[in-house]
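Participant: Here's a structure for you.
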Amino acid sequence: MKAINAGVLEIAYLENGPLDGEPVVLLHGFPYDVHAYDEVARILAAAGKRCLVPYLRGYGPTKFLSKQTMRSGEQAAVGADLLAFLDAMKIEKALLAGYDWGGRAACIVAALWPERVTGLVSCGGYSIQNISKAHEPASPEAEHLLWYQYYLHGSRGRAGLTANRKDFCHLLWKMWSPTWEFSQKEFETTAAAFENDDFVDVVTHSYRHRFGLVDGDPAYQSIASRLATQPRIAVPSLVLEGDADAVDPPANDDPFAQHFTGPYHRKVLTGIGHNVPQEDPQAFARAVLSLEYGCDDS
């Protein structure tokens, strides 16, 4: 475990692979942590890549440098954190790969600062939130999958996450990846990251902000304004989706292609749920490596 001051955070991260290898930043989501990439990083490091796996704000040993900084979980903040991490590590360009919150951070940097990105692997596709349309209803089938977000909108959900964070997150693991037979040890290894003092604040703010229920951090307003335009992504990109993902199931058609203007490929993985890198590390690593060859790992 290493740590570096980056922006408003001291970001804790794992590093694997040769220091002179092509940088690959692997980004976890909610409710997961850096250990989702243990096997992926091993595979990529063996292929000569320098793998950096940071804990997001509110997770694990990552901490805010100031008590005065707003504990925001908004998309602009996690995107800014990733850019600050690249700057602090003095990485001019990197391949970005992530899922859930981490995939969103990767999409944001790829869209707004493409000169810093050699390629993008995003599980779940184009995940930059269109907050202006957050109150437009989806189908009843889609709405019921978001129960956990609606739960966290109120004081009861915040109290529930505070009191039962491990049980709550364990339930989401089981629901979102119904075919994944993870061990209790695997879960406990990650669950330690939820004990971060800022976890509840960051998570509840994230799920409230994306529905326009709370204000964001004014420090990120300029980024938020740019994201409101739904910027397109021009870097070589590969989208992975699991056909057993029970919170964000893939559509039959490709709803993301319109958001990508560069080389682009989409692949749906059979029998895989929401946590793609931990459920199928071989496929995830293969996707990262395939970006060197036209972003098609078929």
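The values are calculated or read from the model by the stated rules, or taken from the named source; none is laboratory data. Quick caveat, the model's predicted, so the values are computed rather than measured. Positions of Cβ are generated from backbone atoms using ideal geometry, with glycine treated the same way; all protein chains shown enter the neighbour counts.
Participant: Scan segment 82-94 for residues that are within 26 Å of Arg286 (Cβ to Cβ) and not in a strand (DSSP E or B) and jot them down.
Facilitator: Leu82, Phe85, Leu86, Met89, Ile91, Glu92, Lys93
Participant: Just give me the residues in segment 225-281 being hydrophobic (A, V, I, L, M, F, W, C) and under 30 Å from Asp215 (Cβ atoms), in sequence order.
Facilitator: Those that are hydrophobic (A, V, I, L, M, F, W, C) and under 30 Å from Asp215 (Cβ atoms): Leu227, Ala228, Ile233, Val247, Phe256.
Participant: Cβ-Cβ below 6 Å, separation at least six or inter-chain, first residue in segment 62-81 and outside any helix (DSSP H, G or I), second of a type in the set (Phe, Trp, Tyr): which pairs?
Facilitator: Thr62/Tyr55
Participant: Follow-up. Suppose the filter is over 15 Å from the mean Cα position of the chain (by Cα) and either buried (at least 19 other Cβ atoms within 10 Å of the Cβ) or modelled with pLDDT of 95 or more (or both); does Ala36 pass it?
Facilitator: The answer is no for Ala36.
Participant: Name the strands (runs of 3 or more DSSP E) wholly within segment 1-54 that hold at least 2 residues that are in contact with a Pro (Cβ under 8 Å, 6 or more places away or on another chain) and β-branched (Val, Ile, Thr)?
Facilitator: none
Participant: Scan segment 210-222 and report the pairs whose first residue is on the phi < 0 side of the Ramachandran plot and whose second residue is surrounded by fewer than 13 Cβ atoms within 10 Å (Cβ to Cβ), with Cβ atoms within less than 8 Å and a gap of 6+ or a chain change.
Facilitator: Arg210/Ala134; Phe211/Ala134; Phe211/His135
Participant: Those residues that are assigned to a helix (DSSP H, G or I) and exposed (fewer than 14 other Cβ atoms within 10 Å of the Cβ), I need them from segment 148-173; list them, please.
Facilitator: Tyr150, Ser155, Arg156, Ala159, Thr162, Ala163, Asp167, Leu171
Participant: Of the residues that make up segment 160-171, is at least one aliphatic (A, V, I, L, M) and farther than 20 Å from Glu279 by Cα?
Facilitator: yes
Participant: Next up: Evaluate segment 182-195: report whether one residue or more is polar (S, T, N, Q), crowded, with 17+ Cβ neighbours inside 10 Å and out of contact with any helix residue (DSSP H, G or I) (no Cβ under 6 Å at 6 or more places or on another chain).
Facilitator: no
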